[in-house]
Amino acid sequence: MENSDWYDHVVAGIQYLKTAFKGRSRPKVFTNELTYNLITLSIERLLLGLSLYHAKPPNHHCLGSLAQEVSKVEPMDIQLIKNIQAIDDYQDLCSLEVGHFKVPNDMEIGSMFDIAKEVEHFVKQSIERRYATSMKTRRTLIHFTRAYAKRDNYTSRHP
């Protein structure tokens, strides 16, 4: 926990995902393209926060690269890494060539939400597990857990 910025990134990631979930009820405003961008921002912030939590600033912010770097300090399921990379491939931001963007359909957006929720759970569990071992940070754990409880209450009422 060398870098305190990690917390702000994790909370921002949670908020981006929450906004994307809320936006599903307003499809004329929250198009699939906007929802995709919110989901990717959420995953980026969550993984960046976990990386900073371990005091390992990432070299790249592309989702696939972030997932690979995080998995070096916090073991991550290989399928989750592949799923994160698949989301990244829609926009191909890290390519040096002129990119393309395929707008995901509703079913693909639904799958991306599932992946983002899995990333959120992974980050939450990783940090909470580390926190539980440190009496020094127990006060921060309470605030961190409350932030997730608010988000979990929302998603349980709005699947």
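The values are calculated or read from the model by the stated rules, or taken from the named source; none is laboratory data. Worth saying up front: this structure is predicted, and the values here are computed from it rather than measured. Please note: Cβ atoms are built from the backbone with ideal geometry, for glycine as well, and neighbour counts cover all protein chains shown. Surface accessibility is based on the protein's heavy atoms, side chains included, excluding ligands, DNA and RNA. Shrake-Rupley method; radii C 1.70, N 1.55, O 1.52, S 1.80 Å.
With Ile78, Ile84 as the choices, which residue is surrounded by fewer than 19 Cβ atoms within 10 Å (Cβ to Cβ) and either of a type in the set (A, V, I, L, M, F, W, C) or within 12 Å of the chain's Cα centre (by Cα) (or both)?
Of Ile78, Ile84, the one residue that is surrounded by fewer than 19 Cβ atoms within 10 Å (Cβ to Cβ) and either of a type in the set (A, V, I, L, M, F, W, C) or within 12 Å of the chain's Cα centre (by Cα) (or both) is Ile78.
May I ask you to list the residues in region 3-23 that are in contact (Cβ under 8 Å) with a residue 12 or more places away in the chain, open to solvent by 40 Å² or more (accessible area, probe 1.4 Å) and small (Gly, Ala, Ser)?
None; the set is empty.
Across region 24-60, what is the number of residues that are polar (S, T, N, Q) and open to solvent by 80 Å² or more (accessible area, probe 1.4 Å)?
2
Does any residue in region 100-111 that is more than 13 Å from Ala20 (Cα to Cα) and open to solvent by 40 Å² or more (accessible area, probe 1.4 Å) come within less than 7 Å, Cβ to Cβ, of a residue that is in a loop (DSSP other than H, G, I, E, B) and of a type in the set (Ser, Thr, Tyr) six or more places away or on a different chain, and which pairs are these?
Close Cβ pairs (under 7 Å, with a partner that is in a loop (DSSP other than H, G, I, E, B) and of a type in the set (Ser, Thr, Tyr)) amount to Phe101/Tyr90; Lys102/Tyr90.
What pairs come up if the first residue lies in region 24-43 and is touching a residue at least 60 places away in the same chain (Cβ under 8 Å), the second is of a type in the set (Ser, Thr, Tyr) and open to solvent by 60 Å² or more (accessible area, probe 1.4 Å), and their beta carbons are under 7 Å apart, counting only those six or more places apart or on different chains?
Qualifying pairs under 7 Å: Ser42/Tyr16.
Here are the criteria: (1) charged (D, E, K, R); (2) surrounded by fewer than 18 Cβ atoms within 10 Å (Cβ to Cβ); (3) out of contact with any Gly (no Cβ under 9 Å at 6 or more places or on another chain). Tell me which single one Asp89 does not satisfy.
With respect to (1) charged (D, E, K, R); (2) surrounded by fewer than 18 Cβ atoms within 10 Å (Cβ to Cβ); (3) out of contact with any Gly (no Cβ under 9 Å at 6 or more places or on another chain), Asp89 is out only on (3).
Taking helices (runs of 4 or more DSSP H) that fall entirely within region 1-94, which contain at least 3 residues that are closer than 18 Å to Phe113 by Cα and modelled with pLDDT of 95 or more?
In region 1-94, the matching helices (runs of 4 or more DSSP H) lie at 5-23, 32-53, 78-88.
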